[in-house]
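The values are calculated or read from the model by the stated rules, or taken from the named source; none is laboratory data. The model shown is predicted, which means the values in this text are computed figures rather than measured ones. Here the Cβ positions follow ideal geometry from the backbone for every residue, glycine too, while neighbour counts run over all protein chains shown. Ligands, DNA and RNA are stripped out before the accessible areas are found, and what is left, the full protein with its side chains, is counted by its heavy atoms. Shrake-Rupley method; radii C 1.70, N 1.55, O 1.52, S 1.80 Å.
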Amino acid sequence: LQHYSTTSTTATMSESVASEVVSAMVGGMFSASALYPLEVLKTRMQAETKATKQATNDGSAETNESHQSNATIVENGGRSQHDEDVLTDTMQTPTQKEKQKQKQKQTLKEAYQHAASEGMTSYAKLMFENEGGITPFYSGVVTSAIQSATEKALYFFAYTFLKNGYVDITGINNIGTASNLVLGCMAEWAHLPVTLPIDCVTTAIQTDDKNRGAFVLMANILSEKGIGGFYKGIQAYTVLCLKPAIQYTVYEQVKKIVITARRVQAKTHGQRDVDDTLSAAEAFFLGMVARIVATMLTYPYLRAKVMLQSTYGNAKVKPTIPQMIVEQFSHGGVWGLYQGIGPELTRGVFSAALMMMVKERIGVVVRALIDGPARERPMPGAE
C-alpha cells in the first residue's frame, strides 16, 4: 500500500506539471495572438514620453544651428570663391524638401505624444491613418506569441515544480498567500533568462519606425550592446516579479474559496462527486479580477521597463527605475505614471481571462489523456 501510494503521488505530480505546462503554453499563445493589437497600442503608448520630445527638440535645435552655419558660409564666402566652391557649399545645405520632411516628422511625433495622453482610441486612429491601416497592429505577432507561450510554459513549470516541492518538504497541502507569493516570484525569475530577450525584441519591433524585421533588430541590438542589450529593463523585475505572483496567487486563493464552497454545498445535498475544476465562465471572471489587481499595483514599473527598452534604449546614461518614475510623475502626475493603462488593462484583463479559461479546459483534457486509465483503477483496499 505504501509503495502504491508513493507511485501514485509521483504520477500525480508528473501529471500536474505536464497539464500545467501544456495548458499554460497553449492558453498563453492563444490569448497573446487574439489580443495582439492591444499589446501594440499598450507598448507604443507606454514608450511615448515628454522626455523623448525634449530629446527630439534638442536634436532639431542642433540640426537648425548646423543648417544656419552652412547657410552663413555660403552667404559670406560665396562672393570671393569660385563657382565650384559655391556649388559644393550649396549642395551641403539641406534642401527645402528635406526641411519640410523633417518638420512633418516632428509634427507627427508631437501628434503621437498628444494622442497617447488622450487615450487608446485617439492613438489607434492616428496609427491607422498614418501607418498603412491594420498592418502595424500585427507587426511582431509571431514573436509575441512565441514569447507568451514560452513565458507561460516556463512559469507554470517552475511554479508547479516549486509548489510540489514545497508540499513534499513541509507536508502542508494548503499553501498560504505569503508562500504563494514567494513561490510565484521564484518562478518568474526562473524564466527571465529565456523570455526577457524575446520580450526585448518584441518591444523593439513594436516601437521601430523603420519597420525592420526581427532578425535585423536582433543583430542591431547585439552589435550595439552585446548580450546585455537583450536584458534592458531587467532591474524593473525586482518589483515586476510580483505581478504574476500576485495575479496567480489571487486566482488560486479565490479558486480555493469557490471549490470549497462547492464541496460544502455538495455535502449538504448529499452528493459524493465534486468537480474540482472551474467552468469557463468562472475561470474567465477570476482571471479578470486577478489581472486587474496585479496590474494596478505594478504598472509604473511595467511602463518604466518598456521605456528602458525603447525610449532610453540607446541612451549613453540610463536613469534608474525610481528616477524614471519620479520624472514621469513630475511631468504628468499620477496620469504620467499610468499612461497607457487603458490598453494594458483591456488587453491584460482579457488576455489573462482567456488564458486561464483555455488553461482550465485544456488542463482537464491533458489530465484525462495522461491519467485516464489510472483514474478507473481503485486503490487497493478501496470498495
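Among the residues of region 233-255, not a single one is loosely packed, with under 12 Cβ neighbours inside 10 Å and either farther than 25 Å from VAL194 by Cβ or hydroxyl-bearing (Ser, Thr, Tyr) (or both).
If you go through region 172-221 and pick out every residue that is farther than 24 Å from CYS241 by Cβ, small (Gly, Ala, Ser) and touching a helix residue (DSSP H, G or I) at 6+ places or on another chain (Cβ under 7 Å), you end up with 1.
Restricting attention to region 319-373, the residues being part of a helix (DSSP H, G or I), under 19 Å from SER117 (Cβ atoms) and aromatic (Phe, Trp, Tyr) number 2. Checking the structure you have, find out if any residue of region 207-219 is free of Cβ contacts under 8 Å to residues at least 40 places away in the same chain and β-branched (Val, Ile, Thr). Yes, region 207-219 contains a residue that is free of Cβ contacts under 8 Å to residues at least 40 places away in the same chain and β-branched (Val, Ile, Thr). Suppose the filter is touching a helix residue (DSSP H, G or I) at 6+ places or on another chain (Cβ under 6 Å), more than 24 Å from GLU39 (Cα to Cα) and open to solvent by 50 Å² or more (accessible area, probe 1.4 Å); does HIS331 pass it? Answer is yes for this residue.
Residues of region 8-64 that are modelled with pLDDT of 75 or more and of a type in the set (Gly, Ala, Ser): SER23, ALA24, GLY27, GLY28, SER31, ALA32, SER33, ALA34, ALA47.
Could you please find all residues in region 256-278 being open to solvent by less than 40 Å² (accessible area, probe 1.4 Å) and either farther than 16 Å from MET355 by Cβ or in contact with a Leu (Cβ under 8 Å, 6 or more places away or on another chain) (or both)? Step through it out loud before you land on a result.
Within region 256-278, the first condition is being open to solvent by less than 40 Å² (accessible area, probe 1.4 Å), and the residues that meet it are 259, 266, 277-278.
Within region 256-278, ILE259, ALA266, LEU278 qualify.
GLU118 satisfies every condition listed in (1) under 24 Å from THR43 (Cβ atoms); (2) of a type in the set (Asp, Glu); (3) at pLDDT 85 or above except (3).
All of (1) surrounded by fewer than 16 Cβ atoms within 10 Å (Cβ to Cβ); (2) without any contact (Cβ under 8 Å) to a residue 60 or more places away in the chain; (3) farther than 25 Å from MET45 by Cα; (4) not aromatic (Phe, Trp, Tyr) hold for ALA187 with one exception: (1). Across region 153-178, the number of residues qualifying as modelled with pLDDT under 85, open to solvent by 30 Å² or more (accessible area, probe 1.4 Å) and in a helix (DSSP H, G or I) comes to 2.
If you go through region 115-135 and keep only what is outside any helix (DSSP H, G or I) and open to solvent by less than 90 Å² (accessible area, probe 1.4 Å), you end up with GLY119, GLU131, GLY132, GLY133. Which of the residues that make up region 243-277 are among the small types (Gly, Ala, Ser) and either closer than 27 Å to LEU183 by Cα or in contact (Cβ under 8 Å) with a residue 24 or more places away in the chain (or both)? ALA245, ALA261, listed by residue number. Listed conditions (1) acidic (Asp, Glu); (2) open to solvent by 40 Å² or more (accessible area, probe 1.4 Å); (3) touching an Asp or Glu at 6+ places or on another chain (Cβ under 9 Å) are all met by ASP199, apart from (2).
What are the residues in region 97-132 that are of a type in the set (Lys, Arg) and within 26 Å of the chain's Cα centre (by Cα), if any? Let's see the steps before the verdict.
As a first pass, look at region 97-132 and keep what is of a type in the set (Lys, Arg): 97, 99, 101, 103, 105, 109, 125.
Those that are of a type in the set (Lys, Arg) and within 26 Å of the chain's Cα centre (by Cα): LYS109, LYS125.
Taking helices (runs of 4 or more DSSP H) as the structural unit, those lying wholly within region 201-288 and holding at least 2 residues that are under 21 Å from the mean Cα position of the chain (by Cα) and within 28 Å of THR160 (Cα to Cα) correspond to 237-240, 242-268. Test PHE215 against the criterion of being among the aromatic types (Phe, Trp, Tyr) and open to solvent by 80 Å² or more (accessible area, probe 1.4 Å), and give yes or no. When the stated conditions are applied, PHE215 passes them.
Does LYS109 count as open to solvent by less than 90 Å² (accessible area, probe 1.4 Å) and part of a helix (DSSP H, G or I)? Yes.
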